[in-house]
Every structure is written in C-alpha cells, then in structure tokens.
Amino acid sequence: MKTWAIVLSALFATWTLTGVTAAHARGADDDIIMEEDDTSKPAEDTPTDATDPAATDVTDTTDPAATESTDAAAAVADDEKSLKKGDDEDARSYWSDIKVVPRKLILKQNRVELIPYMGVTLNDNLIRHIAFGGEFGYYMSDAMSIGVGGHMYTKQQTDRAYLTGLQQRVLPTLNQYLYTATLNVNYEAAYGKFAFHNKKILQWGIFLSGGLGVTGTEVIPRNAAHEPWTNMNITIQVGAGFRVFINQWLTLWGGVRNYMMQDKFENSNRTQPEADVGEKNAAARFINNLVFQVGVSVFFPTSFEYTTFK
C-alpha cells in the first residue's frame, strides 16, 4: 500500500507541475499578443499637434559649425569656378582676333602703286649724293609690276677728296650725278608673316627689281677755269628690296639698287679749257652706282575685296 501511495503522489506532483508550466506559457503568449495589439491599435484618444514646439525641437538637428564649413567650401568652389571662367574668357578674347593663317593684307593685282623715296649713294668715299625721287607702277598680277621711276641728285663732296689731292699732289677725277630715269620691272619673290610680341601679325615681302634707263652726269674739272660738260649714259638697273605691309593701301619700303653705266671722265692730261675738247679726249670707265633707298608705297584704289571664302 505504501508503494502505491508513493506512485500516486509522484503522478499527482508531475501533473501539477505540467499544468503550472502550461499556464505560464499561455500567459506569456497572451502578453505578447496583447503587446502586439497595443502597438497595432491607432492612438485615437491622443491627437497630435503639428505645431508642437517639442516636435519641432526634436527634428531640428542641424549643426551650425557644419553649416558654416559647408558654406565656406561652396564659396571657395564658386571663386575657383569664377576665376577659371575669367581666365578662359581672357584667353578666348586674347586669341579671338588672331587667325592661324591670316589672309594677305594687300592684294596688288590691277592696282597702281606710287612710291616716293629718298636715297644715298654708298660706294664712293670722295663724293656723296643724296637722291629724291619716286616710282610709279602697275601690277599685272599680285607678284609682278611694270612702271617707271626716277630721281634727282644733290652732291656732297667730302673732306677726303680735298685730303687726297693734298697728300698725293694730284686732284682726283670726279663726276657728279644729276638724275636717273629707268623703266622697271618688279617681282615679289617671297612673302611671309611674323608675330610681333604676340600682339600683332606683320606681313612682309621681298622683291627683285630690274630696269633700263639713262643717267645724267657732269664732269667736275680739276681746274676751276676749265669748262665742265655733261654725259647721258645708258643705265642698267638691278636691285632687291624689302617691304612691310601696314594696311590695305600702305607699306614701308626699302632696298638697294645698282645703276650700272659707262661714264666719261676728264682726262688727267687736259690742258684746253673748252668743254668739247675735254669731252673729245675723255676717259671712259664702267661705274657701279649703288644707291640705298627708303620710302613708302601707296596703292590705288585704297581698298579691295576678296572674291574667295576664308
């Protein structure tokens, strides 16, 4: 009997513990469900005010220091962009008027060129001549022209002529130039451009010149009591020059020309004062008269139009 009582007591205790554990388990589930229901229910009895200061204070979480640093970075970026933009605009404006291959500044075909110039002789150290003259030309093409030119001379006898006669006891034989007139053909052999301090593109040309004409000379007698005479000599002219184009109708011009001729000089044994006798006994000599010339050239008409696209 005791054995059965012990078994029954054990069964009762086991049943009791099982029921308590199940009750606890159901209570926990009910609590969880209730909590879920509480969170899922809308809060009908608690109306919200959109203008609640507390809510406003909670949502405003901006840091003033961060805002200031962001504004400073944005200002620096804007400055850099504006500087870069300004540099780009300056560069564009600086190069906007410069073309890689600009057109020729002057077209010369079918235009007239007028060249006033002055010059000085180079290869006679006993007597010097200053020349004043001009040239008129017509351009048959953009490179070749034909025209006429001429100049008058004024002589400047140097001290060396007097010193030579004083030292050698013999007066030198001298002729003075009076004028030169030639029919010329000019050819522009080279043309180019160069940049002047990266500010302006200058255009230039090199020309060759040839011509045929006459030169008048006058004998300077050794004896002032003797009569002088004049010569008219066939003259061949060759030369070269350089020009810089300023605008559509004006250039600066310079060159060297050699006027070659067979001239007649007073005979060193002259004793007769008559000019015809002196000319009859004159001594012939081939002369190279080098003249350096500078001037300007003006084109007419003063404007022209291109007939081709850039």
Scanning the range 203-253 for residues that are of a type in the set (D, E, K, R) and outside any loop (DSSP other than H, G, I, E, B), the one farthest from ASN184 (Cα to Cα) turns out to be GLU218
Scan the range 102-120 for residues that are more than 27 Å from the chain's Cα centre (by Cα), more than 30 Å from GLN156 (Cβ to Cβ) and either modelled with pLDDT under 90 or exposed (fewer than 15 other Cβ atoms within 10 Å of the Cβ) (or both) and jot them down. ASN110
Determine if the range 127-150 includes at least one residue that is of a type in the set (D, E, K, R), assigned to a loop (DSSP other than H, G, I, E, B) and in contact with a Phe, Trp or Tyr (Cβ under 8 Å, 6 or more places away or on another chain). no
State whether the residues of the range 205-214 include one that is in the same structural domain as GLN272 (by TED's automatic domain parsing), over 33 Å from the mean Cα position of the chain (by Cα) and free of Cβ contacts under 8 Å to residues at least 40 places away in the same chain. yes
Please indicate, with yes or no, whether at least one residue in the range 256-277 is in contact with a His (Cβ under 6 Å, 6 or more places away or on another chain) and more than 30 Å from PRO301 (Cβ to Cβ). yes
Residue under evaluation MET232, criteria (1) in contact (Cβ under 8 Å) with a residue 60 or more places away in the chain; (2) farther than 30 Å from ARG103 by Cα; (3) in contact with a strand residue (DSSP E or B) (Cβ under 7 Å, 6 or more places away or on another chain), criterion not met: (1)
Return the residue satisfying two criteria in turn: it lies in the range 230-284 and is buried (at least 18 other Cβ atoms within 10 Å of the Cβ), among the small types (Gly, Ala, Ser) and at pLDDT 95 or above, and of such residues it is farthest from GLY295 (Cα to Cα). GLY239
Would you tally the residues in the range 121-144 being in contact with a Lys or Arg (Cβ under 8 Å, 6 or more places away or on another chain) and surrounded by 18 or more Cβ atoms within 10 Å (Cβ to Cβ)? 4
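Considering only the range 254-295, state which residues are basic (Lys, Arg) and part of a loop (DSSP other than H, G, I, E, B).
ARG270
The values are calculated or read from the model by the stated rules, or taken from the named source; none is laboratory data. For clarity, every value in this text was computed on a predicted model and none was experimentally measured. In this analysis, Cβ positions are derived from the backbone assuming ideal geometry, glycine residues included, and neighbour counts consider all displayed protein chains.
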